[in-house]
Amino acid sequence: MSNAPGTSKFQIDLRRHLRAQNICDNLVHLMCEIAEASKYVINAVRTGDLGVAGTSNLYGEEQLALDVLSDRIMRKRLIHSGVVCNIASEEMDEIYQCQASADGLYSVAYDPLDGSSLVDVNLAVGTIVSIYAGCDLLQPGRNQVAAMYILYGPRVSLVYTVGDGVHEFTMNNLMEFTLTRENVKMAAEGNIYAPGGLRNKYNAGDEKFIRHLEEKGCKLRYSGGFVPDINQVLMKGKGLFMYPALNGSPNGKLRVLFELNPMAFIIEHAGGAASNGSIPILDIVPESLDQRAPIYIGCREDVKTATAFVNGGKQEVKMEGSFVNG
Ligand code: AFP
């Protein structure tokens with residue numbers, strides 16, 4: 001991408017960068033609208049009510065006022081964008097139809113405020129968005145045309161891919177998103193790991209994998225927020241996030257449509273991998289809006305090792321550092 005005279009690469013705003021991608025104007029418009037909506041979510045996070053909403057979501061989880069407000073902000077923006085056919089939200093029980101025709105339109109699945117229960121202890125949270133062409137939202141994640149997340153941390157950053165590289169933008173003092181990293185790439189193997197869920201509910205293979213990582217000297221880095229934890233693995237380029245199947249929860253906790261597919265699309269386009277322990281996340285054919293799956297996501301060699309342990313292909317490392325073939 002060439003820079004306009006007098007501008008450095010890092011003064012490129014989101015709209016200009018999107019226009020340089022090989023995508024249609026409607027998708028540029030949609031992604032810019034989502035970025036605009038995030039500015040109102042930021043305000044809600046920083047000043048909004050931290051109480052409960054008195055309602056529950058499609059998983060039966062109690063909704064916070066922030067969940068409902070953030071969802072309303074995102075939904076209103078998507079409806080008025082004029083380029084959306086169907087909407088699915090982690091905070092809504094069913095698909096919301098904006099328009100019946102599919103020509104030139106997109107469907108969006110989003111988690112408006114992932115990690116909302118962390119806001120009251122001032123930890124980072126985020127918005128996660130998955131975009132498909134047409135009206136069908138129950139497609140394999142590999143069919144996404146775009147995925148993005150906005151991370152509300154010490155700095156507000158936005159990361160997107162439309163299938164040609166992964167790019168990071170940071171919000172400046174004028175609340176504009178300007179390019180800060182282009183074509184982010186992950187190393188083959190990492191040195192940090194983020195283990196979700198209760199360890200006393202881990203299966204044997206996952207426990208052995210964790211011990212393997214500790215034997216390697218990997219550091220545990222886990223905040224309880226999917227967006228900051230994935231962002232750390234991606235931006236450091238060296239790590240793995242996992243939320244495995246647990247005893248009593250064979251599909252783990254995280255949601256395929258709203259969390260796993262968009263993050264897997266981004267991580268794969270940065271050279272990483274994402275698996276449910278058997279197949280790539282992006283090859284899962286979703287059967288319902290609320291479908292969950294175990295996930296191992298990050299450096300491709302680490303994901304490969306995790307799936308080997310999970311499927312009994314490797315045992316724990318002997319003291320001298322060689323695997324006991326089991
Ligand atoms: P909330 O959105 O209910 O706060 O849950 C956040 C989350 O879905 C995801 O952001 C984290 O990775 C995961 O839960 C953490 O779950 P555990 O607290 O069970 O580790």
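Before moving on, here are some points about what is shown:
- Charge context of LYS253, other residues only, Cβ under 10 angstrom, K/R +1, D/E -1: +1
- Among ARG16, ARG75, ARG292, the residue with the largest mean-square fluctuation in a Gaussian network model of the chain, with springs joining Cα atoms closer than 10 Å, is ARG16.
- All-pairs alpha carbon distance profile, region 171-225, 5 Å steps from 0, percent: 4, 14, 16, 17, 15, 10, 9, 8, 6, 2, 0
- Diffusion constant of region 9-181 at 4 °C, which comes from Stokes-Einstein with the Kirkwood Cα-pair radius and 1.567 mPa s, µm²/s: 79
- Percentage of interatomic Cα-Cα distances in region 192-310 larger than 19 Å: 38
- Spacing of the two label points (7 Å from each Cα toward its C-beta) at LYS201 and LEU118, in nm: 1.9
- Within a Gaussian network of the chain (alpha carbon springs, distance under 10 Å), most fluctuating of GLY239, GLY225, GLY272: GLY225
- When the listed pairs LYS219/LYS253; LYS238/LYS304; LYS39/LYS253 are checked against a 19 Å cut-off, the alpha-carbon distance exceeds it for LYS219/LYS253; LYS39/LYS253.
- Distance (nanometres) between label positions extended 7 Å along Cα→Cβ at ASN247 and GLN97: 4.7
- Rounded to the nearest angstrom and listed largest first, the equivalent-ellipsoid semi-axes of region 135-248 from its Cα gyration tensor are 29, 19, 14.
- Of the two radii for the chain, the radius of gyration is 0.97 times the Kirkwood radius, both from the alpha carbons; that is the Rg over Rh value.
- Springs join every pair of Cα atoms under 10 Å in this Gaussian network model of the chain, and among ASN143, ASN183, ASN22 the largest mean-square fluctuation is at ASN22.
- Shown in residue order for region 101-118 are the 3J(HN,Hα) couplings computed by the Karplus curve 6.51 cos²θ - 1.76 cosθ + 1.60 at θ = phi - 60°: 6, 10, 4, x, 9, 10, 10, 10, 10, 8, 10, x, 8, 6, x, 3, 5, 8 Hz (x for Gly and Pro).
- Rounded tilt (10° steps) of 65-81 against the dominant C-alpha axis of the chain: 50
- Gained length - LYS304 relative to VAL52, 0.36 nm times residue gap less alpha-carbon distance: 86.7 nm
Readers should treat all values here as calculations from the given coordinates under stated rules, not as data from a laboratory. Keep in mind the model is a prediction, meaning the values are calculated, not measured. Neighbour counts run over all protein chains shown; Cβ positions are idealised from the backbone, glycine included.
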